[in-house]
1. For Q301, are the conditions met, namely being modelled with pLDDT under 85 and more than 21 Å from I212 (Cα to Cα)?
2. Please name all residue pairs, on different chains or six or more residues apart, with Cβ atoms under 9 Å, provided the first residue is in the range 174-191 and is more than 14 Å from I331 (Cα to Cα) and the second residue is open to solvent by less than 90 Å² (accessible area, probe 1.4 Å) and part of a helix (DSSP H, G or I).
3. Which numbered condition in (1) of a type in the set (A, V, I, L, M); (2) modelled with pLDDT of 80 or more; (3) open to solvent by 70 Å² or more (accessible area, probe 1.4 Å) is the only one that L217 fails?
4. Can you work out which of the residues in the range 391-416 that are open to solvent by 30 Å² or more (accessible area, probe 1.4 Å), touching a residue at least 40 places away in the same chain (Cβ under 8 Å) and out of contact with any strand residue (DSSP E or B) (no Cβ under 9 Å at 6 or more places or on another chain) is nearest to E483 (Cα to Cα)?
5. Give me the pairs: first residue in the range 353-364 and in a helix (DSSP H, G or I), second residue open to solvent by 60 Å² or more (accessible area, probe 1.4 Å) and not small (G, A, S), beta-carbon distance under 8 Å, and six or more apart or on different chains, which are they?
6. List the residue pairs whose Cβ atoms are under 9 Å apart, where the first residue sits in the range 317-340 and is without any contact (Cβ under 8 Å) to a residue 40 or more places away in the chain and within 12 Å of S472 (Cα to Cα), the second is assigned to a loop (DSSP other than H, G, I, E, B) and open to solvent by less than 40 Å² (accessible area, probe 1.4 Å), and the two are 6 or more positions apart or on different chains.
7. If you take the residues of the range 43-73 that are buried (at least 16 other Cβ atoms within 10 Å of the Cβ) and within 26 Å of the chain's Cα centre (by Cα), which of them is modelled with the highest pLDDT?
Amino acid sequence: CGWGILCVGCFIVSGAQMFYSGGDSARDGGTVLIPTRFVWPYGGANVSIIGSFTGWTDNWQMSPIEGCPTVFQIVCRLPPGYHQYKFIVDGEWRHDDHQPFVSGSDGTVNTIFLARESDHHSSVQSPRPPSGSNMDVDNENFRRVVRVSENPVQEAVPMLSEADFQVSRYRVSEFLSNHTAYELLPDSGKVIALDIDLPVKQAFHILYEQGIPMAPLWDLGRGQFVGVISALDFILILRELGNHGSNLTEEELETHTISAWKEEKLHLSRQMNMAVRPFPAHLIHAGPFDNLKDVALKILQNGVATVPIIHSSLQDGSLPQLLHIASLSGILKCICRYFRHSSTSLPILQLPICAIPLGTWVPQFGKPALQQFAMLRPSDSLNSALKLLLQAQVSSIPIVDDRNSLLDIYSRSDITALAKDRAYTHINLDEMTIHQALQLRQDAYSSFEFSSQRCHMCLRADPLHKVMERLSIPGVRQLVIVEAGSKRVEGIISLSDIFKFLLS
């Protein structure tokens, strides 16, 4: 979001004060004219602007932004001072509720105050529009937040208008709508499916040995893929079978087939708190010719991490072929690859993540938390970590010290490390600490190079394109935002956060 209508130049903002530090201006008969961009992002067939600077007689035609036909703009060179204006949309006089406005005998009009040249370094009082304002500076706009406290001055961050956000989202949506899941298929590779009648213990070991977090399930009797089994299933299984604190035995896992577990899981789902997302009762999948936007929305709306890409050449859907396992990271990789050499077409790519409504952040002192932010200490029990993974509905949890500095992360997929040397048979979930679980994970994966086993971090000043590239690495589902130097945890950005933002 931006401030609305702004003069070209660099602004220093503290509270509601703006300091103009120079910019593109022109002199016409000794008068300074300041280029100012006006934006109408609410659609229409014919849009123009009229105001005190046109004498309320002439209306200046606005043009739709390329690639976003519902957003209209115009750049006007205006003299310093106080101005009023309105829009004419398809013959009707309109004003923008998201911009400063006043009501009087002439009706409701928007307002703007532009500083005189002599005031470029003086304080100018300017009402601050609410978030979602639709007008901004017509160049590379930078604001510097100055804190009159012991906190250090933050780096300058670029700010974009709502129109720029809409243009970026429109182009991402258009790209995803015009490309299919077929493009996600690698040139070579393997996909693993498990029989529904396989014992849970064997499935547990297969996921560990193959280094995969999930696998589709095949029902031979029905000749169909009927679901998936994932690390989340094993978290539920281990907690359910060990809910009395006893060690798990191989016999207990051997007597549970995957099909029997799925039936029990449906029962557990009905018993769980309504605040927790219910588990999908059927297989969420996509076809190779489904567009990438539909695939991404299917993942988001169903709260799953991946969807199998299944193709059948027969009309009744029989003899299905498992082609690929699609994930948000694979779709994000396509976006990064496509826009890598045309970043100007996506203005938001250069924004630092702290300037975007993105992710979950540690609540500031004295302010309520909008979302639950989960962190754990190394001395906490493994059972508490597994419980939190379920309750918070997250894929990983930061492990921090007493100063909230990041030490490591514990992910859902780390549960498969307990399959090494049948560790699940001689541990107690309440007695094992997270520190011990992390050591066990390191031993289990010492011969592997899974990116999911590494701690992925970013800084609040990192640009969005860098964060997106990091999240497009296979196995990386979240980035922990840390403070430079101290590594104090400041927030988390997940793959789903990125796509919810881009497709909103």
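The values are calculated or read from the model by the stated rules, or taken from the named source; none is laboratory data. In this text the structure is predicted, and so the values were computed from the model without any measurement. So basically every Cβ, Gly included, is an ideal-geometry build from the backbone, and we count neighbours across all protein chains shown. Side chains included, ligands, DNA and RNA excluded: accessible areas come from the protein's heavy atoms. Shrake-Rupley method; radii C 1.70, N 1.55, O 1.52, S 1.80 Å.
1. no
2. Every condition considered, the pairs that remain are K190/Q210.
3. Every condition holds for L217 apart from (3).
4. By that ranking, first place goes to Q393.
5. I353/R460; C354/R460
6. R337/S472
7. Selected residue: V71.
Listed here are the residues, each with its yes/no results for (1) assigned to a loop (DSSP other than H, G, I, E, B); (2) open to solvent by 60 Å² or more (accessible area, probe 1.4 Å); (3) at pLDDT 75 or above.
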position: E251; (1), (2), (3): no, yes, no
position: S259; (1), (2), (3): no, no, yes
position: A281; (1), (2), (3): yes, yes, no
position: F289; (1), (2), (3): yes, yes, yes
position: V295; (1), (2), (3): no, no, yes
position: I309; (1), (2), (3): no, no, yes
